[in-house]
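Encoded as structure tokens, the structure appears first; notes follow it.
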Amino acid sequence: MGTVLAVVSQKGGVGKTTTAINLASALALRGRKTLLVDVDPQGAVRHGLGLDADGSAGGLAELLSGSRELQDVVQATTLPWLRVLLAGSVSEAAEHETYSSQLAESPRLGELFERACRRGYIVVVDSPPGLGAVTRRVLAHSQHVLVPLQCEPLALQTTSQILRAVRDAAVTNPALVLDGILLTMLEEGNEVSQRVAAYVRAQLPTELLFDVAIPRTMASIDAFAAGQPVVLRAPHDPAARAYSQLAELLEPRLR
Ligand SMILES: Nc1ncnc2c1ncn2[C@@H]1O[C@H](COP(=O)(O)OP(=O)(O)OP(=O)(O)O)[C@@H](O)[C@H]1O
Ligand SMILES: [Mg+2]
């Protein structure tokens with residue numbers, strides 16, 4: 001059996017998509033059968049993976065509306081063990097509300113995850129920022145959660161909300177486990193960034209925070225712009241190494 005790991009955060013722009021893409025790729029590089037699912041209607045995964053530039057391939061939106069079948073929208077990637085389900089046509093649409101309410105009300109997301117798990121996939125889910133209906137739906141059908149936290153002033157401000165949301169979701173989904181909070185975009189020579197990381201480490205219970213933190217690197221930005229995971233494009237880059245370490249650490253738990 002596989003399992004579902006959701007990457008969620010109250011805040012936008014904290015590295016959810018970068019984390020989902022690189023963790024999924026790093027797990028696939030370790031030989032684990034992985035399915036990356038983009039439930040965020042912004043659909044950024046396709047940019048980060050350099051897929052479907054014209055938006056014609058379809059994805060989760062088509063699956064939800066019933067206009068396409070799973071086998072028609074799940075795509076292969078350059079990694080043999082990584083497959084991806086993009087957000088689909090919703091990312092071209094002017095409004096995302098219909099999609100979001102459809103996703104929140106339809107049983108299809110849960111069915112999709114179950115089907116993938118039965119086939120032994122680790123399902124890594126990239127979610128939209130915030131704790132809206134889509135994120136709550138994802139949490140209702142996940143077994144693992146990872147919360148990226150950007151190393152910036154006031155980083156902890158919204159953390160209690162996300163932790164509460166995970167706790168609330170676990171009431172009806174007792175299988176849900178918070179794997180941890182992941183510090184992202186930590187800047188080596190930046191005193192503020194280092195101070196934030198130290199403060200977060202002092203404030204949060206140690207078991208809540210991953211030892212590994214993701215540094216901010218130029219290679220990460222370049223890789224995203226080039227449509228490749230940094231773990232593939234620049235495997236020796238410190239951010240790539242950190243994502244590989246995270247995958248190594250998580251892999252035994254994802255069974
Ligand atoms: N380790 C890193 N080093 C440098 N830049 C990074 C790193 N991680 C993410 N970024 C950049 O930060 C920006 C936000 O990252 P990302 O899109 O992954 O965040 P997000 O949480 O998914 O955002 P949103 O809430 O909009 O979905 C992107 O431009 C990304 O390339
Ligand atoms: Mg994103």
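Annotation: extensible slack from ALA76 through ALA140 equals 20.4 nm (criterion: 0.36 nm per residue apart, minus Cα-Cα distance).
Site pair GLN42 and GLN203 shows an inter-label distance of 2.2 nm when each label is modelled 7 Å from Cα along Cα→Cβ. On full extension, the segment bounded by ASP54 and ARG255 gains 68.8 nm, given 0.36 nm per residue less the C-alpha separation.
Taking the DSSP bridge list for the chain and keeping only pairs wholly inside it, about 10 percent are antiparallel.
Remind me, relative contact order of the range 13-135 in percent, using alpha carbon pairs under 8 angstrom and six or more residues apart? Here the relative contact order equals 36 percent. For the range 142-180, list residues with backbone N below 13 Å from a point placed 7 Å from the Cα of ASP211 toward its Cβ? Of the residues in the range 142-180, none has backbone N under 13 Å from the label point off ASP211.
With a simple spin-label model that places each label point 7 Å from the Cα along the Cα-to-Cβ direction, the separation between GLU187 and ARG164 comes to 3.1 nm. Considering only GLY66, PHE224, ALA6, and ranking their Cα positions along the charge dipole of the chain that arises from unit charges at the beta-carbon of Lys, Arg, Asp and Glu, the one farthest toward the positive end is ALA6.
Which residues make up the longest stretch of the chain that has no GluC sites (Glu not before Pro) in a DSSP loop with at most 12 other Cβ atoms within 10 Å? Please report the intermediate quantities before stating the final value.
On the way: sites that count: GLU69, GLU95, GLU188.
Free of exposed loop sites, the longest segment is 96-187.
Normalised by the residues of the range 3-250, what does the relative contact order come to in percent, with Cα pairs under 8 Å and at least six apart?
Details: 489 pairs, mean separation 66.8, N = 248.
Result for the range 3-250 is 27 percent.
Over all pairs of different C-alpha atoms, the chain has a mean inverse distance whose reciprocal, the Kirkwood radius, equals 18.1 Å.
Values in this text are rule-based calculations from the coordinates and carry no lab data. Everything numeric in this text was worked out from a predicted model, so none of it was measured. Glycine also receives a Cβ, built like all others from the backbone with ideal geometry; neighbour counts cover every protein chain displayed.
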